[in-house]
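The structure under discussion appears below in the form of structure tokens.
Derivation of every value follows stated rules applied to the coordinates shown; laboratory data play no part. Note that the structure is a prediction, hence the values are computed from the model and not measured. Don't worry about glycine lacking a Cβ; one is built from the backbone with ideal geometry, like all the others, and counts go over all protein chains shown.
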Amino acid sequence: MERVEILRKIELVITDFFNLKNFVCAESTSAADIEGWNSFSHLPLMSKIEEAFSLRFSFIEITDFNTVGDIVNCIQKKLSGI
């Protein structure tokens, strides 16, 4: 799966999870950019992303995510078997 496809799929999850309108996600997008994305919503959001891609993140991976680009990198590695 290409990076842009992964990014768009994450964008759909985030849009649905936070009930956003006209949201455009970039690799530089972080929790600070989205109202409601905080320490309480982070794990449930990661769970939704895991479901969307049929994969699992480790606790370390989840705590190391600072931007959507970090999530894209991790997903791309997992999907390619690296």
Of (1) under 27 Å from G81 (Cβ atoms); (2) surrounded by 14 or more Cβ atoms within 10 Å (Cβ to Cβ), S54 fails just (2)
Expected output for region 43-59 (first residue closer than 13 Å to I14 by Cβ, partner part of a loop (DSSP other than H, G, I, E, B), Cβ below 7 Å, 6+ apart or cross-chain) is L45/W37; M46/F57
Just the residues that are of a type in the set (A, V, I, L, M, F, W, C), over 19 Å from S28 (Cβ atoms) and within 9 Å of the chain's Cα centre (by Cα), please, taken from region 41-82.
none
For region 18-39 the number of residues that are out of contact with any Ser or Thr (no Cβ under 7 Å at 6 or more places or on another chain), over 13 Å from I71 (Cβ atoms) and not β-branched (V, I, T) is 11
Complete set of residues in region 17-31 that are of a type outside the set (A, V, I, L, M) and either within 17 Å of L79 (Cβ to Cβ) or touching a residue at least 12 places away in the same chain (Cβ under 8 Å) (or both)
F17, F18, F23, C25, E27, S28, T29, S30
